[in-house]
Amino acid sequence: MKKEYLLPLNELDLLAKDLIKHIDDRDLVVILRGDLASGKTTLVKNIVKAMNIDDNVTSPTFSLQSVYGENIFHYDVYNKTLQEFISLGMLEEFENSGVHFVEWGDEQLQNLLEDYGFEVMVINIFKENDKRQYIIEA
């Protein structure tokens, strides 16, 4: 599947609802790629809200992982190499049933996850003036 959206941030609920349909209670790793302030965390906030989970979503930059509800996991690997991420035991976290959002996940992480049999979706986010382009590959 490959889909593209061009949306202002105040219309992210449309994308969030479509992604929830695609997730459909599956175990999935969603890698979010984009520049600083492109809206990676904002997208996760909108998805969590659309799933009727009333948790405060923030970037897990310093905590490395946040959990929302019972099965929504959110990671930020901006300051970590893949080796550091693995040595912290974070790779095992993907074995938890649910949806795992990974900000700043690179191709090396994607390939590793796919080699281990995890289903991976990649969302590339690009700034376009007051809108964002979302390119989704699953």
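The values are calculated or read from the model by the stated rules, or taken from the named source; none is laboratory data. Keep in mind the model is a prediction, meaning the values are calculated, not measured. Note that we place each Cβ from the backbone using ideal geometry, even for glycine, and neighbour counts take in every protein chain shown.
Here Asn52 meets each of (1) touching a Ser or Thr at 6+ places or on another chain (Cβ under 8 Å); (2) modelled with pLDDT of 90 or more; (3) farther than 23 Å from Glu137 by Cα; (4) of a type outside the set (D, E, K, R) with one exception, condition (1).
Residues satisfying the criterion are present in the stretch 37-57 (criterion: touching a helix residue (DSSP H, G or I) at 6+ places or on another chain (Cβ under 7 Å), on the phi > 0 side of the Ramachandran plot and in contact (Cβ under 8 Å) with a residue 24 or more places away in the chain). For the stretch 22-31, the condition holds for no residue, the condition being that it is within 27 Å of Lys127 (Cβ to Cβ) and basic (Lys, Arg).
Counting only helices (runs of 4 or more DSSP H) that fall entirely inside the stretch 1-114 and contain at least 2 residues that are crowded, with 19+ Cβ neighbours inside 10 Å and in contact with a strand residue (DSSP E or B) (Cβ under 9 Å, 6 or more places away or on another chain), the qualifying elements are 12-23, 40-50. For the stretch 115-138, taking the residues that are more than 14 Å from the chain's Cα centre (by Cα) and closer than 27 Å to Leu9 by Cβ, the one that is surrounded by the fewest Cβ atoms within 10 Å (Cβ to Cβ) is identified as Asn129.
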